[in-house]
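What follows is one structure encoded as structure tokens, with my remarks underneath.
The values are calculated or read from the model by the stated rules, or taken from the named source; none is laboratory data. Everything numeric here is computed off the predicted structure, so don't read it as measured data. Methodologically, a virtual Cβ is constructed for each residue, glycine included, from the backbone with ideal geometry; neighbour enumeration extends over all protein chains shown.
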Amino acid sequence: MNETVTFELIATDGKARRGTLRTPRGEIRTPAFMPVGTAATVKAMLPESVRETGADVLLGNTYHLMLRPTAERIARLGGLHRFMNWERPILTDSGGFQVMSLAELRKLTEDGVTFRSHVDGSSHRLTPERSMEIQRLLGSDIVMCFDECTPFPAEEAVARDSMRLSMRWAQRSRDAFGDRPGHALFGIQQGSTFLDQRAESAEALTSIGFDGYAIGGLAVGEGQATMFEVLDHAPAMLPEDRPRYLMGVGKPDDIVGAVARGVDMMDCVLPSRSGRTGQAFTPRGVVNIKNARHQDDPRPLDETCGCPACRSYSRAYLHHVFRAREIISSMLLTWHNLHYYQVLMQDMRAAIEAGRFAAWQSEFHSNRALGDIEPL
């Protein structure tokens with residue numbers, strides 16, 4: 001861990017961990033959920049509003065930002081924090097996941113990946129060294145090493161080759177990152193669903209040495225049961241004194257299950273994307289505000305929630321503005337969902353510190369099993 005980014009493990013309860021990741025731009029309370037600001041914005045939200053939900057850190061997307069407006073332009077304009085008006089910590093992914101999703105537009109070699117932009121078809125090259133350069137230009141506080149996100153399903157030999165390529169790229173990322181006080185570099189464990197490969201990957205990453213460790217290659221179609229089977233073992237393969245970040249997860253019950261298995265950090269587009277499509281997360285499960293049952297309902301989405309959507313607006317109003325395709329629908333439902341996610345993290349942190357995480361987890365699942373409140 002470099003001298004200006006530190007991780008303190010405050011409490012454990014079973015495998016669940018409560019910690020603090022300290023950076024020069026502020027503390028990240030773990031377990032932490034990171035809202036996704038793909039193109040230097042969390043869709044439908046002001047940065048001040050995102051902070052009001054309780055978020056300590058945002059995620060930016062290397063692939064999208066390198067294409068538009070470009071990392072060089074952002075650097076000239078003072079870096080990503082100033083550019084998007086978010087002065088707290090930012091984690092940037094390496095671009096590896098997006099490159100995986102562009103399989104038909106890419107060419108993969110030992111050196112890196114050549115791909116065509118989904119924006120204008122122009123050709124680009126991403127290597128571990130270029131990914132580190134882009135993330136340095138952006139000025140992110142937590143940098144992810146460049147990897148190949150192994151698709152699912154993958155044959156064992158294919159997954160092994162992919163994982164070992166990612167480990168060679170991890171070493172090159174570490175070398176290219178250099179010494180950057182105040183900035184952290186995370187390695188990414190790969191190995192698909194093969195535990196022996198996960199162990200080999202963890203050993204390789206630990207020998208290189210990183211400030212934190214991510215679990216990659218999950219939430220790519222394998223299903224929750226399989227993901228949890230991997231997470232029953234994968235986090236414990238990583239150093240105990242470093243933060244553990246599960247990439248791209250997920251639904252509330254995914255997050256709770258991951259924390260129960262020793263994960264400290266997560267990110268997902270789900271709360272914001274769901275808000276834009278009329279889905280709201282509550283302790284009693286998901287509410288589909290588009291359904292006609294809400295059109296005459298004067299009650300809030302969730303009477304226990306303190307977000308603006310629940311404090312000031314009815315289900316009937318939220319149903320109306322969603323049906324009318326008004327922009328305020330995306331704003332209010334996204335705010336609500338991000339608020340719900342941050343309250344979820346806050347509750348888990350408190351439960352771990354109090355030594356009652358198992359009881360809290362049981363209550364969480366019992367409440368979800370109740371389903372939405374009865375229609376009027």
Using the structure shown, decide if VAL259 is assigned to a helix (DSSP H, G or I) and either outside the structural domain of PHE186 (by TED's automatic domain parsing) or aliphatic (A, V, I, L, M) (or both). yes
Can you confirm whether segment 162-177 contains a residue that is at pLDDT 95 or above, surrounded by fewer than 19 Cβ atoms within 10 Å (Cβ to Cβ), among the aliphatic types (A, V, I, L, M) and more than 22 Å from TYR63 (Cβ to Cβ)? no
Scan segment 290-302 residue by residue and report those that are under 14 Å from GLY371 (Cα atoms) and either small (Gly, Ala, Ser) or touching a Leu at 6+ places or on another chain (Cβ under 9 Å) (or both). LEU301
Just checking, how many residues over segment 15-56 are over 26 Å from ARG276 (Cβ atoms) and modelled with pLDDT under 95? 0
Using the structure shown, decide if GLY217 is touching a residue at least 40 places away in the same chain (Cβ under 8 Å), within 20 Å of LEU102 (Cα to Cα), touching a strand residue (DSSP E or B) at 6+ places or on another chain (Cβ under 9 Å) and buried (at least 17 other Cβ atoms within 10 Å of the Cβ). yes
Output the number of the condition that ASP302 fails; it satisfies all remaining conditions of (1) under 30 Å from THR6 (Cβ atoms); (2) touching a strand residue (DSSP E or B) at 6+ places or on another chain (Cβ under 6 Å); (3) of a type in the set (Asp, Glu). (1)
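Residue-by-condition table, conditions (1) over 22 Å from ASP111 (Cβ atoms); (2) in contact with a Lys or Arg (Cβ under 9 Å, 6 or more places away or on another chain):
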site: ASP161; (1), (2): no, no
site: SER166; (1), (2): no, no
site: PRO181; (1), (2): yes, no
site: GLN190; (1), (2): no, yes
Looking at segment 268-281 only, could you name the residues that are surrounded by fewer than 22 Cβ atoms within 10 Å (Cβ to Cβ) and not in a loop (DSSP other than H, G, I, E, B)? LEU270, ARG273, SER274, ARG276, GLN279
For segment 77-150, list the helices (runs of 4 or more DSSP H) that sit wholly inside it and hold at least 2 residues that are under 18 Å from ARG172 (Cβ atoms), of a type outside the set (Phe, Trp, Tyr) and at pLDDT 95 or above; which are they? 128-138
Taking the conditions exactly as written (hydrophobic (A, V, I, L, M, F, W, C) and in a helix (DSSP H, G or I)), does ILE373 satisfy them or not? no
Checking ALA103 against (1) of a type in the set (A, V, I, L, M, F, W, C); (2) touching a Leu at 6+ places or on another chain (Cβ under 6 Å); (3) surrounded by fewer than 16 Cβ atoms within 10 Å (Cβ to Cβ), which single condition isn't satisfied? (2)
Could you say whether any residue in segment 84-94 is within 17 Å of the chain's Cα centre (by Cα) and under 22 Å from ARG164 (Cβ atoms)? yes
When every residue in segment 282-304 that is of a type in the set (S, T, N, Q) and not in a strand (DSSP E or B) is compared, the one surrounded by the fewest Cβ atoms within 10 Å (Cβ to Cβ) is THR304
